[in-house]
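Inspection log for the structure reproduced underneath, given as structure tokens.
Quick note: the coordinates plus some simple rules give every number you see, no bench work behind them. Computed from a predicted model, the values in this text were never measured in an experiment. Cβ: placed from backbone, ideal geometry, glycine included. Neighbour counts: every protein chain shown.
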Amino acid sequence: MTIISIDPGFDRVGIAIIEKNNPKNTVIFSECFNTNKKESISQRILSVGTEVKRIINEYKPVALAIEKLYITNNQKTAMAVAEARGVIIYEAMRAGIALYEYTPGEIKVAVTGYGKADKSMVMSMIPKLVDMKVVSNSDDELDAIAIGLTCIACEKFN
């Protein structure tokens, strides 16, 4: 079974495709998709949707795991990220993909066993929990992988 997992954003979007396997899951694709900072937010949101649609069409995942939006101090950024989440969810729903959403705390618990784990703790666990052909240095990409691992750990898939 294949899952697309996304760390949403409008500037950078972490995207991973994870194949559920026993005993260890496999990352078959991951990237940090960057939008063009010179473009308008609406054009950048379109770029996010276009990239997500392309990846869904290529890998045919059965589920989307995405991080829930939490309130930040910068409302302008929060609104743009919410819009990006909207287009990501739209593309998944359009493709008939099941949707699973997780808070940062839920992701930390699933990956490290500790809900207040710091970023370095989460990042250090990922290579132990999943086979990766290429190890990424992008936080957004690794966050997407952590979100996908959360989905696999929390949901009952055949």
Most mobile listed residue (Pro61, Pro23, Pro127) in the chain, GNM with C-alpha springs under 10 Å: Pro23
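Would you work out the relative contact order for the chain, in percent, from Cα pairs under 8 angstrom that are 6 or more residues apart?
That works out to 32 percent.
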Gaussian network model of the chain, Cα within-10 Å springs - most flexible of Arg12, Arg44, Arg94: Arg94
Filter on Lys38/Lys60; Lys37/Lys108; Lys20/Lys119 - keep pairs with C-alpha separation over 27 Å: Lys38/Lys60; Lys37/Lys108
Within the chain, helix-based [θ] at 222 nm, where runs of 4 or more DSSP H residues each add -39,500 (n - 2.57), nearest 500: -15500 deg cm²/dmol
Part-to-part distance (alpha-carbon centres) for the stretch 64-87 and the stretch 129-143, which is given in Å: 22 Å
Straight-distance crosslink candidates among aspartates and glutamates, where the alpha carbon sits under 15 Å from Lys156 and sequence neighbours closer than 8 are dropped: Glu19, Glu101
Phi to ³J(HN,Hα) by Karplus 6.51 cos²θ - 1.76 cosθ + 1.60 over the stretch 147-152, Hz, x for Gly, Pro: 5, x, 5, 4, 4, 5
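Would you tally the net charge around Lys133, using a Cβ to Cβ cut-off of less than 15 Å, leaving Lys133 out, and scoring K and R as +1, D and E as -1?
Once positives and negatives cancel, what remains is -3.
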Reach of Lys53 by Cα under 13 Å, taken over aspartates and glutamates that are not fewer than 8 positions away in the same chain: Glu91
Choice from Asn73, Asn137, Asn21 with maximal GNM fluctuation in the chain (Cα, 10 Å cutoff): Asn73
